[in-house]
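For reference, the structure is listed below as structure tokens.
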Amino acid sequence: MDFLLYLLPHLLNGVALGLLFALIALGFMLIIGVMEVINLAHGSLFALGAYFALSLMTPDGGLKLGIAQLLFDLPIGWRYVIVLILAPIGVAVVGMGLEVCLRRTYGKDPLYGLLLTFGAALVLEELIRLTWGPTERFIPMPPSITGAVFIGDLIYSKYRFFASGFAILMIGLLWLFLEKTPYGALIKAGAHDSEMVRALGVNLTRLRLFVFGFGTALAAIAGIVMAPIWGVRPHVGVDAVVPAFVIIVLGGVGSFWGAVIAGLLVGMVVGLTGAYATDWSLIAMYILLILVVTFRARGLLGKKSVLEL
Amino acid sequence: MALFEAQGLHMRFGDRVVLEDISLDFPEGRLSGIMGPNGAGKTTCFNVLTGRYKPTRGRVVFDGEDITGLPPRTIARKGVSRSFQLMNLFNDFTAEENVLVALPAMRQRGFDLIGDAMGDRDLRERAEAVLERVGLAGKGPELAKNLSYGDRRALEIGVALAAEPRVLFLDEPTSGLGTDAIARLGHLIRKLKGEITIVAIEHDMEFLFGLADSIAVIHWGQVIRRGTPAELRANPWVQNSNLGRLK
Amino acid sequence: MLVAFAIFGTLPFWISEIGLYPYLGAEVLIFCIYALGYNVLLGYGGLPSFGHGAYFGIGAYAFGLAQFNLSSSLWLCLVAAILAAAFFGAIVSLFISHRRGIYFALMTIAFGQMFFFIASKWTSVTKGEDGLLNILRLPADFGFAAYPIQRNIPFYWFVFGCFVVTIIVLWRVVNSPFGKVVQAIKQNEARTAFLGYNVVLYKAAVFTLSCAVAGFAGALFAMAQGGAFVQVMNLQWSGVVVLMVLIGGGFVSFWGPVLGVVLYFVARDLLGVYTDTWQLWFGLLFMLVVMFKPEGLAGIWQGIVYRKQKPRSSASLHLLVMLRGR
């Protein structure tokens, strides 16, 4: 029983992490599906989301516009809600800018897309470092979602419940969007065959721009929610790309629920590693990546995909 | 006995059966043709024979040896070489380098890290000979991507030939070529015929009928007719279905 | 190329005059060695490694550890560094060589991060964040005479010698049959396999080779800095070599990386005086290069040379067409 009590919080951590990983991975996957680009800057946009939130939440974030003062005067709960909307939109704009740069690489060797997004990742990270400094930062949170909850003998962080719930909500909304709206259907179609989308008379350029913005906004949301768990550091980005990639390889490109399940799996592994060796929890992801690519390069669904270039 | 044989090949992708009980044999020194409509399984059949895919069932035998499921490089080393329908050259290499890399003598020196690849007179002479053989004499220094379409086709065959194969597989050699280029190609293949064993998939019936010693017709993943061009020409079934386009 | 030799070959005589210092010259050359080795992998093999800093770092640590525990011979320590980097590179290559494109790239990141992580945590060996200090510039013993290379100018000459040796070796490699096969694999992996080549083995070999060169450069860097530090193994540092090689034009020229390295250090030391953001500008320059001129500086140079010749050749072509027309 004691053993279980010891393990349970870590399992719950794993679930929270896994759901957030799934969110990152889904955005990453949308971009692969429609653009056939592996966005190595995805993690940096994830980090940027957290930093945007930081700036909007507190004056310490360095935002000195007069209008921001209005925001800082709001109660923290409302501020948080607004930030959860505004920051991802800001990141989406940056993401769209990146997509415009990427246009020149479409139709060329995929290596160029990879190199460009890699360069973008380094640039974004440097920008973050210059704007917000190299040290770890903390985003103030509304008191209603911080602190601990007591369930019987179990003490657990309230925030992680919030994070899990929020991630489930976002995943649900995303699913509804993809399944029940015409634009979602289009993205799914694009995920299969961009020729067909063009044949349908859809403006492919605009679709790509939208999907890139949308995918990076999802990363930003995950970044904001993850911030209190991982901390806000400039180089947190790469640690977010890797689970996204592992999840997609495991779950199979284009499989929504595959990504969610694989996300939970990866979250568990990282969470449980954290239980026994905190230092090793991040590196667990890299080891997982190596194992997965070595033994299951085509994912659980075994489909050949653009990942193989 | 035939130099190259396929025995009861089956190939499935998921639940789709692409090849069903294909048995073929290609006698030494002859030119054998495979024909059939688009999507009949010709190219898959080719890919199985040259080791790109492993058949679900059945055997591929080369010179009395079972080579089923061996990796392409091993099959290639035994003396099986192929050209590709979609052109598959080393575009940033010159025509000469394309051929040079394909030479078995080059392959043996592949882990030579110090020697000068272009400095070996013997290798270069051999490469030049191959280029001449496929009608590209003097085009050695040109980059493959700058060659004309017809020349690229010829180079494609040159690369396959440079590997000094015992069996040469040609995948739709005439596709995309104009009448003149096809005539030139026919001339080239006629010269090769008799020197090495050739297997060709071909769309252009007239072309194949003019060259092949024997032809197998593949449809729905099965061999439906086999025979010499004359036999097939006389066969009413073939006349009605496949040879409609033959003038 | 002759210009490069002329500049580097005389550098100690004038570098102080323009307000720089010989140590900088040595660092530039070390990174040239690193970048040239990396380019055999990226430019010739088409294999993007985003974790090459790891092997650079392994070389640095191995050099230090060999010096402390094994031998005080410069040559032995250098060989140890090269072998160590090649050894770990070879192990990694077993996992990544049958991968392509994105899988290959991400696997190199994963292994790079792992080595970085291990180096920062294994403090009993690497001294973690503090770095492995007091690595000496051992005297270069040529049998008949031993030269101390403690001071910066003799050290520069030593590194210059290493640079020349590296160039000769790598130049031969890329023009050897092996180099041709590697280039063939870059252009068309499937076709190369159908010609009977063991593609995986070649990819593993070229990866290991470039790791060995990175280790060699790492060892020199440890001598230059007098220590081995874990930072060189992180992703930024691994990224820097990619930036340098690509901006310089590694895809089209053997010499491209040298241009890229020089540009990087010039930018660092000249722009760095005026602005803290130079690294950002360098990153943006990289993005522009990928977007508009993936052939890099060397490509621009070749473009200029080619354009100069072009009018003549197109004129003669025109003449030819006209004659045929008649």
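Values for this structure:
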| quantity | calculated |
| --- | --- |
| Relative contact order, percent, the stretch B:86-164 [alpha-carbon distance under 8 Å, six or more residues apart] | 50 percent |
| Estimated FRET transfer efficiency (C:VAL164, C:TYR274; beta-carbon r; R0 25 Å; 0.05) | 0.15 |
| Additional length obtainable on full extension of the chain from A:ASP73 to A:THR146, 0.36 nm per residue less Cα span | 24.2 nm |
| Cα-projected label distance for C:PHE13 with A:ILE229, points at 7 Å along beta-carbon direction, nm | 6.4 nm |
| Projected label distance in nm at A:ILE155 and C:SER120, using a 7 Å step from Cα toward the beta-carbon | 2.9 nm |
| Chain A: DSSP helices with Cα axial extent of at least 24 Å and average Kyte-Doolittle hydropathy no lower than 0.0 | A:2-35, A:76-102, A:110-132, A:158-180, A:204-230, A:256-276 |
| Pairwise Cα inverse-distance average, inverted: Kirkwood Rh of the stretch C:1-144 (Å) | 17.4 Å |
| Three-way shape call for the protein assembly as shown based on the alpha-carbon gyration tensor, with the a/c threshold at 1.5 | oblate |
| Rounded tilt (10° steps) of C:235-248 against the dominant C-alpha axis of chain C | 40 degrees |
| Length-normalised contact order for chain C - Cα pairs under 8 Å, 6+ apart - percent | 29 percent |
| Rounded Å value of the spacing that divides the Cα centres of the stretch A:216-257 and the stretch B:15-83 | 45 Å |
| Nearest-ten-degree value, helix C:2-14 long axis tilted from longest Cα axis of chain C | 40 degrees |
| Gained length - A:TRP175 relative to A:ARG104, 0.36 nm times residue gap less alpha-carbon distance | 22.4 nm |
| Inter-part distance where the stretch C:1-77 and the stretch B:197-216 are each reduced to a Cα centre, Å | 59 Å |
| Nearest-20 debye value, the protein assembly as shown charge dipole, Cβ charges on Lys, Arg, Asp, Glu | 1560 debye |
| Chain B: most fluctuating residue of B:SER32, B:SER214, B:SER148 per GNM, C-alpha cutoff 10 Å | B:SER148 |
| GNM top mover of B:MET35, B:MET106, B:MET118 - chain B, alpha-carbon springs below 10 Å | B:MET118 |
| Label-to-label distance, nm, for residues given as B:PHE111 and B:ASP213 (7 Å Cα→Cβ offset) | 3.9 nm |
| GNM flexibility winner over chain A from A:PRO59, A:PRO182, A:PRO228 (Cα, springs under 10 Å) | A:PRO182 |
| Local electrostatic count at C:PHE229 - Lys and Arg +1, Asp and Glu -1, tallied over other residues with Cβ under 10 Å | -1 |
| Degrees between helix B:149-162 axis and first principal axis of chain B (Cα, 0 to 90, nearest 10) | 80 degrees |
| Least to most buried among C:ASP130, B:ASP92 (fewest other Cβ within 10 Å first) | C:ASP130, B:ASP92 |
| Label zone at A:VAL93, where the point sits 7 Å out along the Cα-to-Cβ direction: the stretch A:36-59 residues whose backbone N lies under 15 Å | A:49, A:52-53, A:55-56 |
| Residue exposure sequence - B:SER23, C:SER253 - by fewest surrounding Cβ within 10 Å | B:SER23, C:SER253 |
| The protein assembly as shown: antiparallel DSSP beta bridges as a percent of all, rounded to 5 | 65 percent |
| Over chain A, relative contact order from alpha-carbon pairs under 8 Å, at least 6 apart, % | 38 percent |
| Inter-centroid distance (Cα atoms) of the stretch C:97-118 relative to the stretch B:132-184, Å | 39 Å |
| Rounded if a/c under 1.5, otherwise prolate or oblate - chain A, Cα gyration tensor axes | oblate |
| Rg over Rh, two decimals, the stretch B:106-187 (C-alpha only, Kirkwood Rh) | 1.01 |
| Lys, Arg +1 and Asp, Glu -1 on Cβ, resulting dipole of the stretch B:86-164 about Cα centre, debye, nearest 20 | 220 debye |
| Long pairs among B:LYS54/C:LYS186; B:LYS42/B:LYS78; B:LYS42/B:LYS145; A:LYS108/C:LYS293; B:LYS42/C:LYS186, criterion Cα-Cα beyond 18 Å | B:LYS54/C:LYS186; B:LYS42/B:LYS78; B:LYS42/B:LYS145; B:LYS42/C:LYS186 |
| Whether the stretch C:59-178 is rounded, prolate or oblate, judged on the alpha carbon gyration tensor where a/c under 1.5 counts as rounded | oblate |
| Helix-only CD estimate at 222 nm, as mean residue ellipticity for chain C, using -39500 (n - 2.57) per DSSP H run (n ≥ 4) | -24000 deg cm²/dmol |
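Computed from the coordinates by the stated procedures, all read-outs in this text should not be read as laboratory data. Note that the structure is predicted; figures quoted are calculated from it, not measured. When we count neighbours, we look across all protein chains shown, and the Cβ atoms used for this are built from the backbone with ideal geometry, even at glycine.
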